[in-house]
Amino acid sequence: MKAKYVNPFTDFGFKKIFGEEASKPMLIDFLNCLLPQTTIVNLTFKDKEKLGKSNQDRKAIYDIYCQNDKGESIIVELQKAKQNYFKDRTVYYATFPIQEQAEKGDWNYKLNSVFCVGILDFTFDDKINTDKGEVIHIAQLKDQNNQVFYDKLKFVYLEMPHFLKQENQLETRLDKWLFFIKHLENFQHIPAIFKDEVFKQAFKKAEIANYSEDEKINYEESLKAYRDLKGVIDTAFDEGKVEGKVEMAKLMKDAGEPIEKIILYTGLPKEEIEKI
């Protein structure tokens, strides 16, 4: 049966549901469920590409980068498959919204909070809490007594393969959002649990029939890239084959991905990628 709704793990689908101006109500609702320590009333989308201090420095390209009405920065990253040094990458990405808060002249170094959210279509390899099948992982800076040392930097990871609840088991609004994200592509109608306006808007944004012909073409290309890339990445990491990573790099280049992102996903040197 042909899909009625987009796959939210594609670049196109994720942006359509959460990353456009018209999608702000959905993004705000989702983040308020996920980050209860901060109440978001409004969001401003920021430039998703962050450059280093020089042209030679590595840059960061976010899926969604926004700021709430309190000046707190929120990065949302969709991770479709395993990659080298994934945690290192998210820590590195967090440094940009921290550094850009610097003020010229006299400054007392007071910072606004930074939240990094990762929606993962895979599970961690290091087995941290994986035996418990936990979906949500929250990481903060803590001291030797396991007390929070700094509360303005928080990493929140969602291991979506561990979310196994069925419709009749959903208890919280966050459960509903996770159920929506994980199963959206398989829905042929809107389940009864999604009654309120925000979810109705989300389904409307996700319905393929509402797209222009160009948008449908772009989505099909994004879906193909997602399926091809995920298959190659999973094989490359599971089997540790260099040729798999080379094939993955070729797919990413053909899809127009920036070379910095290809390096992060494959671990291949820049010179080798340029020859592909």
Problem set entry | Qualifying position, being exposed (fewer than 15 other Cβ atoms within 10 Å of the Cβ), in a helix (DSSP H, G or I) and out of contact with any strand residue (DSSP E or B) (no Cβ under 8 Å at 6 or more places or on another chain), among 168, 146 | 168
Exercise. Considering the range 182-208 alone, what residues qualify as being assigned to a helix (DSSP H, G or I) and touching a Phe, Trp or Tyr at 6+ places or on another chain (Cβ under 8 Å)?
Worked result: 182, 184, 185, 199, 200, 202, 203, 206, 208
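Here's the yes/no breakdown for (1) modelled with pLDDT of 95 or more; (2) within 15 Å of the chain's Cα centre (by Cα):
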| residue | (1), (2) |
| --- | --- |
| 91 | no, yes |
| 108 | no, no |
| 115 | yes, yes |
| 128 | no, no |
| 151 | no, no |
| 162 | no, no |
| 174 | yes, no |
| 177 | yes, yes |
Problem set entry | Top-ranked residue of the range 130-141 - restricted to ones that are under 20 Å from the mean Cα position of the chain (by Cα), modelled with pLDDT of 85 or more and not in a loop (DSSP other than H, G, I, E, B), ranked as surrounded by the most Cβ atoms within 10 Å (Cβ to Cβ) | 137
Problem set entry | Enumeration of residues in the range 149-165 that are assigned to a loop (DSSP other than H, G, I, E, B) and either in contact (Cβ under 8 Å) with a residue 24 or more places away in the chain or not charged (D, E, K, R) (or both) | 163, 164
For this session: State all residues of the range 62-84 that are within 14 Å of the chain's Cα centre (by Cα) and part of a loop (DSSP other than H, G, I, E, B); if no residue qualifies, say none.
Result: 62, 63, 80, 81, 82, 83
Exercise. Just checking, which of 138, 119, 98 is under 30 Å from residue 251 (Cβ atoms) and of a type in the set (Val, Ile, Thr)?
Worked result: 119
Exercise. Of the residues that sit in the range 85-114 and are outside any helix (DSSP H, G or I) and of a type in the set (D, E, K, R), which one is nearest to residue 74 (Cα to Cα)?
Worked result: 100
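The values are calculated or read from the model by the stated rules, or taken from the named source; none is laboratory data. Since the model is a prediction, treat every value here as computed from it, not as a measurement. So basically every Cβ, Gly included, is an ideal-geometry build from the backbone, and we count neighbours across all protein chains shown.
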